[in-house]
């Protein structure tokens, strides 16, 4: 089994559909919730992979959220060690920032379902080859980033050029929320803080309309998430395997 370190920022943004896939393979998950433990300094060397989840903070808010610097140092360690890294939404932005790319406010927020265009490189990527071109994916972000130097662009949308990238063959940043299922989307759209952000973002969709879109797109998204996340798990080492004697 592998040991996976997971950086979580708020309780409403867990691993989602990724969680049961990890547990089905017998891997160990170590959550660090930086909202609860902002001063935590994880001993990253003991883990085989890193997953950095989404959250309401932005990569340029290091003074308000000092743990973001801790996360960037951990990301740097995993990349240097050649261990698999996956960043989702804020996680992808932190990876881009760690790799020296600019992270900045997007011209427009993306909240709800948006079609994802898979690049030619994405169609050959270990993870994104499992994502059907133009299949809608759930988004919730007001920041974006430039493609890091030496990274490969895997996907984009009409309103956001950098939706997914791969760096060094073992580090992936996904701006979108492929980990969400119907329950989590309903939860987000019931929380006052999320509804407030939706209203202030100026999105031409109401929570009710987004839920209607969710009924249409969620089954395909969950199915795709299982293929993409399993492809990431295929990159992990397996410790403690039983070697049967040759006959």
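The values are calculated or read from the model by the stated rules, or taken from the named source; none is laboratory data. Given the structure is predicted, the values throughout are model-derived calculations rather than measurements. Note that we place each Cβ from the backbone using ideal geometry, even for glycine, and neighbour counts take in every protein chain shown.
Quick notes on this structure:
- The criterion of being modelled with pLDDT of 95 or more and either at negative phi or out of contact with any helix residue (DSSP H, G or I) (no Cβ under 8 Å at 6 or more places or on another chain) (or both) holds for residue 115.
Okay, residues lined up against (1) surrounded by 13 or more Cβ atoms within 10 Å (Cβ to Cβ); (2) assigned to a helix (DSSP H, G or I); (3) on the phi < 0 side of the Ramachandran plot:
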site: 147; (1), (2), (3): yes, no, yes
site: 177; (1), (2), (3): yes, no, yes
site: 203; (1), (2), (3): yes, no, yes
site: 213; (1), (2), (3): yes, yes, yes
site: 216; (1), (2), (3): no, yes, yes
site: 229; (1), (2), (3): yes, yes, yes
site: 235; (1), (2), (3): yes, no, yes
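- Against the list (1) closer than 22 Å to residue 168 by Cα; (2) free of Cβ contacts under 8 Å to residues at least 24 places away in the same chain; (3) in contact with a strand residue (DSSP E or B) (Cβ under 9 Å, 6 or more places away or on another chain), the condition residue 3 fails is (2).
- Residue match in segment 57-77 (condition: at pLDDT 95 or above, surrounded by 14 or more Cβ atoms within 10 Å (Cβ to Cβ) and assigned to a loop (DSSP other than H, G, I, E, B)): no
- Residues being in a strand (DSSP E or B) and within 18 Å of residue 75 (Cα to Cα) - total across segment 153-175: 8
- The set of residues in segment 4-52 being in a strand (DSSP E or B), within 15 Å of residue 68 (Cα to Cα) and touching a helix residue (DSSP H, G or I) at 6+ places or on another chain (Cβ under 8 Å) consists of 7, 50, 51, 52.
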